[in-house]
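Q: Dropping a structure here in structure tokens format, bear with me for questions.
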Amino acid sequence: MPLFQMRVLVALLLPCFLSLSFLSSKLQAVDAVAPVANAKKSQRPFYFPNTEILGEREMRVIALGTGTPHIRPSQASTGWLVELGNGDKFFFDVGPGSIRNFSSLQIPYDHANKVFLSHLHVDHIGDLDVLWASGWTAGRLKPLEIWGPSGAAPEFGTRHYVNGLLDAMRWDYSTRNGKLPASGSKVEVHEFDYRSKQLVYDQSGVKIWSFPATHIIDGAVSYRLEWHGLTFVFSGDTTPNKWFVENAANADLLVHEVYMTLDQLQARFGWGRSMAKNIARTVHTSPVAAGKIFSTLKPRMAVAYHFYNDFDTAPEILKAIEDSYRGRLVLAHDMMVFNVTAERISVRQAAVPENTWPPLADKKKFSEAERGISTPMSEWLKAGRLPTETSE
Ligand SMILES: [Zn+2]
Ligand SMILES: [Zn+2]
């Protein structure tokens with residue numbers, strides 16, 4: 001290309017690059033400050049992270065994982081993120097793969113350090129260590145706060161699980177401690193009694209209640225979050241029960257587990273009829289039963305998750321739910337985004353980049369934050385290292 005034409009091209013493109021980088025830095029700044037007004041009236045058909053500011057009275061719920069214990073590329077195990085217009089963000093379960101999906105949203109980990117666990121099945125908690133370590137290395141300065149139920153005995157409770165997990169992570173912890181800010185490694189556990197309805201979180205106008213769920217053995221719960229007249233209910237894993245009917249009414253968004261149909265369990269998993277019945281009806285909620293729960297509770301929008309949501313399974317599940325429920329219903333996919341206001345609920349897919357880097361931490365705070373005490377390498381191991389580094 002002749003030099004003149006090249007100069008013209010550069011002159012034409014330079015303002016675009018400048019405005020893009022300005023926009024990007026502005027959006028990062030907005031996200032870092034968090035709450036802002038002006039709910040977007042018009043939305044693009046896809047949700048592009050960090051391009052939309054939540055309204056003062058708006059809730060955004062993102063499905064980080066909608067699958068089952070059998071992890072697969074198309075569906076992470078259970079994980080939901082609730083974002084509020086006041087800047088608050090809450091995880092409800094962090095199953096395997098859910099934090100990988102969360103990372104694509106480019107949300108600073110300091111803004112997402114509150115986790116509510118429904119129960120201690122691995123498909124709901126398997127990424128707890130990932131969130132702990134990922135967030136710490138990505139610049140989290142705040143402790144990770146974990147709310148979760150007690151169990152029938154102390155060793156079945158959330159505190160026991162988290163303490164055991166941290167104990168098992170000792171090698172990992174010892175390699176990072178001393179190099180990363182000490183505050184980011186801290187974990188605070190808020191264990192509560194699983195047996196009764198109770199307010200487990202009450203800050204900045206956000207109230208979160210837990211109530212018992214019926215899932216195999218004692219110690220599972222469901223949650224209800226209320227904020228500025230908007231209500232999000234999350235079942236976790238449960239069969240239909242009286243506590244859910246009592247506490248999940250008038251929800252704007254009701255996220256409920258639904259399992260595969262009996263025919264699907266027999267054909268795809270190779271289970272016998274009695275085992276399929278046992279799992280689908282006494283461990284989880286069948287599509288038929290979910291339809292009855294939805295029709296009883298009549299949420300503004302019902303959301304079903306915890307099944308293989310494929311082109312050849314979804315129609316049967318949808319049909320079974322719709323036998324008794326005719327309200328607004330979504331069969332959730334990973335990275336589905338729900339924007340909830342008093343006026344409307346919109347549903348879209350997120351369009352996310354794959355090669356994400358950790359969101360930039362506050363460099364000053366990060367570098368000045370206190371470090372713990374490093375664990376050194378032994379002298380005999382150190383003596384085996386080769387001097388390959390230059391002196392720069
Ligand atoms: Zn479970
Ligand atoms: Zn589960």
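Each reported figure results from applying straightforward, stated rules to the coordinates on display, with no laboratory input. Just so we're clear, the structure is a prediction, and the values are computed from it rather than from any experiment. Ideal geometry is used to build each Cβ from the backbone, glycine not excepted, and the neighbour counts take in all protein chains shown.
Q: Sum -39500 (n - 2.57) across every DSSP H segment of at least 4 residues in the chain, then divide by the residue count to get the 222 nm mean residue ellipticity, nearest 500.
A: -8500 deg cm²/dmol
Q: Contact order normalised by length for region 96-221, with contacts defined as Cα pairs under 8 Å and 6 or more residues apart; what percent is it?
A: That works out to 26 percent.
Q: What translational D, rounded to a whole number of µm²/s, comes out for the chain from Stokes-Einstein when the hydrodynamic radius is the Kirkwood one over Cα pairs, at 4 °C and 1.567 mPa s?
A: This corresponds to a translational diffusion coefficient of 57 µm²/s.
Q: Let me spell out the model: positive unit charges on the Cβ of Lys and Arg, negative unit charges on the Cβ of Asp and Glu, origin at the Cα centre of region 226-268. What dipole size does that give, in debye rounded to 20?
A: 120
Q: While we're here: Rounded, prolate or oblate, given the Cα gyration tensor of region 141-220, with a/c below 1.5 counting as rounded?
A: Working: a/c = 4.09, a/b = 1.54, b/c = 2.66.
It comes out oblate by the Cα gyration axes.
Q: Moving on. Can you tell me the orientation of helix 128-137 relative to the chain, as the angle in degrees between its alpha-carbon axis and the longest Cα principal axis, to the nearest 10?
A: Its long axis makes an angle of about 20 degrees.
Q: Continuing with this model, one more query. Which values of log₁₀ I(q)/I(0), to two decimal places, follow from the Debye formula for region 30-176 at q = 0.17, 0.21 Å⁻¹ with a uniform point scatterer at every Cα?
A: For region 30-176 at q = 0.17, 0.21 Å⁻¹, log10 I(q)/I(0) is -1.00, -1.36.
Q: Counting other Cβ atoms within 10 Å of each Cβ, which trypsin sites (Lys or Arg not before Pro) in region 340-392 have at most 16 and sit in a DSSP loop? The partial results should precede the final answer.
A: Values: sites: Arg344, Arg348, Lys363, Lys364, Lys365, Arg371, Lys382, Arg385; in loops: Arg344, Arg385.
Passing sites in region 340-392 are Arg344, Arg385.
Q: How big is the Rg/Rh ratio for region 332-392, C-alpha atoms only, Rh by Kirkwood, two decimals?
A: 1.29
Q: I'd like the antiparallel share, as a percent to the nearest 5, of DSSP beta bridges with both residues in region 208-324.
A: Bridges in region 208-324 that DSSP calls antiparallel: roughly 60 percent.
Q: Something else: Pick out, from Leu329, Ile279, Ala304, the residue whose Cα sits farthest towards the positive end of the charge dipole of region 56-353, with +1 on the Cβ of Lys and Arg and -1 on the Cβ of Asp and Glu.
A: Final value for the positive-end residue is Leu329.
Q: A further question on this structure: Cα-based Rg (one decimal) and Dmax (whole number) for region 66-123, in Å?
A: 11.6, 36
Q: In the chain, what % of DSSP beta bridges are antiparallel (nearest 5)?
A: Rounded to the nearest five, the antiparallel share is 65 percent.
Q: Pick out which of Gly87, Gly372, Gly67 has the largest mean-square fluctuation in a Gaussian network model of the chain, springs linking Cα atoms closer than 10 Å.
A: Answer for the Gaussian network model of the chain: Gly372.
Q: Would you work out the Kirkwood radius for region 271-392? I mean one over the mean of 1/r across all pairs of different Cα atoms, in Å.
A: That comes to 20.3 Å for region 271-392.
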